[in-house]
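Any read-out appearing in this document is the output of simple, stated calculations on the displayed coordinates, not a laboratory observation. Bear in mind the structure is a predicted one, so any value in this text is a computation, not a measurement. Using ideal geometry, Cβ is built from the backbone for each residue, glycine included, and neighbour counts are taken over all protein chains shown.
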Amino acid sequence: MTRPNNILLTLLTALAASGQMQAAANGGLPRVVVNILVDQLRSDYLEAFMPLYGEDGFKRLLAEGRVYTGAEYPLSHTDRATAAATVSTGSAPANHGIVGLHWVDREQLRPVFCVSDKTVQGIGTRDQYSAAMLSTSTIGDELKVASEGKALVVSLAPMAETAILQAGHAADHAYWLDDETGQWVTSSYYGTVVPHWIKSRNTQLSARGAQIVWEPSSDLVGNFSYFLSGGMRQPFRHQMKSADRFRQWKTSGLVNSEVAAAAETLMQLGTLGFDKITDYLALSLYAGGYESRTAAEAPLEIQDTYVRLDAAIARILRALELKVGKDNFLLTFTSTGYIEETNTDLSRYRIPTGTFDMKRAQGLLAMYLRAVYGRGDLISTTYGTEIYLNHKAIEDNQINYSELLERCQDFLQQLAGVQDVYGSVRLLQGGSTAGLSRIRNNYNVQHSGDLSIAVLPGWHAVNTDSGHNRISRASYVPFPIIFYGAGIRPERISDATTVDYIAPTLSNAMRIRAPNACDKSPLF
């Protein structure tokens, strides 16, 4: 063998040994685990805009990742709060307690926000939020316990509820974008010292001025829609300059760039992935409509949001590789599994529809119960399509609770627009059919109503007391679960897979216990 070949062989051997030593130093564990939850992402939109993406975002995840194409939530319905809690805990609202963005506090008989906590103080904001109402541990919590507090756990999201519920109780940092200032803010629940990487981002956000402008990211995005009803469209231009501009910004494609920039700044200036102890980063991005508009109302905005989301993913991947290398981080990517859309007048298309008025239903039920039991105070309040009964009055008058629920169910099922009625006893003691099991998973003894009304698809459920006005839909929203990095081999799996398997899979990769209410096994 010639001398140049000897030198080349020695160099290759040294590089291989260096890689093995680095892996051995970390015990084969990923130095960073990243859990990305995208609000309202759906697979059909993701695939429709594929010609507009770069090579290092979605295309890379789909080509090099382990992709579960048939992802689902083990729930009958979800929103971003319920989704974030379910992904981070590996369990359902029945256990973790987050049944929605809001529910009724039985003692005060008024709605409470899922992360509201008057015992803490906002840092950079007037909001007083914490994870106190999350009843179980999260991935980040278990990592903190396993590492004796040494692991760094960080959560970043546009919305407070997703930042907090993905972070959990023991995280070092949970930051979200404030509705009033557009700055990254947090709560004293996670400490009062603002890290310098957050200060760096807020300094740059302060320099943007009072007006935010959202235009298509390129001429191609701005002049052609990939939706069936699209065709050639005029490019949009949204000027956000009112007092509500930061709320609008958080429902635009622009917000993804800021979350990616904050994550990149953390990796550049923070200590994430700095040592051999695995760190955890939870991120939330946005793929919904601008101000909840439908794809028919704002197709180019949806299209541009996905293009900017793709760029944000590419930026996050690039920052991770520069920080720790591709083989030293594990990333998972999924959706909140729902679509938030404005109500549409279906009657103009002759689609069967109607309005179910919850206040009217409550009044009729109260009259019926007065006729049966001689009392009109057996109903405490309603929220959305749930009825909260007066447990004290029921107990004081020695009324059989199960019998009362059955009477209520039978009466309400006769009202126009009602598909079914689920009482607490029926949910807790009923059979284990797939449909009932998902509804039961959404039910929590402390936070849910005694009766839940399922409205017929296509009907509007209206509750003037709580401000609800939503159209009932049973449509399936397709979305993936993707695992990428840390030796993951490319594979596409079409079997139905629920998102509560993410937590035990990531926990297994970090060699820690799964969250304490998670009963699922790792996917691999």
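Note that the range 464-478 has calculated 3J(HN,Hα) couplings of 5, 5, 9, x, 7, 8, 10, 8, 7, 9, 10, 5, 7, 9, x Hz, one per residue in order, obtained from phi through the Karplus relation 6.51 cos²θ - 1.76 cosθ + 1.60 (θ = phi - 60°); glycine and proline are x. Projecting the Cα positions of Ala282, Phe479, Leu405 onto the charge dipole of the chain (unit charges on Cβ atoms of Lys, Arg, Asp and Glu, taken about the Cα centre) puts Ala282 furthest along the positive direction.
Give me Rg/Rg_expected for the range 53-167, where Rg uses Cα atoms only and Rg_expected = 2.2 N^0.38 Å with N residues.
Dividing the Cα Rg of the range 53-167 by 2.2 N^0.38 Å gives 1.25.
In loop segments of the range 78-172 as defined by DSSP, the GluC sites (Glu not before Pro) with at most 13 further C-beta atoms inside 10 Å of their C-beta are Glu107, Glu148. Within the chain, antiparallel bridges make up roughly 50 percent of the DSSP beta bridges whose residues both belong there. In a reduced charge model with +1 at each Lys and Arg Cβ and -1 at each Asp and Glu Cβ, the range 342-438 shows a dipole moment near 300 debye about its Cα centre. Take the residue pairs Lys276/Lys323; Lys359/Lys392; Lys250/Lys326 and return only those whose Cα atoms are more than 24 Å apart. Lys250/Lys326, as the Cα separations exceed 24 Å there.
The magnitude of the dipole of the range 384-494, with charges of +1 and -1 set on the Cβ of Lys/Arg and Asp/Glu and taken from the Cα centre, is near 640 debye.
In the chain, taking the dipole from charged Cβ atoms about the Cα centre, the farthest positive-side position among Ser225, Leu52, Ala174 is held by Leu52.
When only alpha carbons are used to place a centre, the range 116-176 and the range 296-337 end up 22 Å from one another. Could you grab the relative contact order for the range 249-371? Cα pairs under 8 Å, six or more apart, rounded to a whole percent. Taking the mean separation of contacting Cα pairs over the length of the range 249-371, I get 30 percent.
Relative contact order of the chain, taken over Cα pairs closer than 8 Å and 6 or more residues apart, is 27 percent. Candidates Gly273, Val259, Ser292 compared by Cα position along the dipole of the range 210-294: farthest toward the positive end lies Ser292, with charges placed on Cβ.
Here each label is just a point 7 Å from Cα along the line to Cβ, and for Leu101 and Asp420 those points are 2.6 nm apart. Charged side chains reduced to their Cβ positions (Lys and Arg at +1, Asp and Glu at -1) give the chain a dipole of some 700 debye around its Cα centre. Each of Leu346 and Arg511 was given a label point 7 Å from its Cα along the Cα-to-Cβ line. The distance between the two points is 5.4 nm.
Distance between the 7 Å Cα→Cβ label points at Phe236 and Val193: 4.3 nm.
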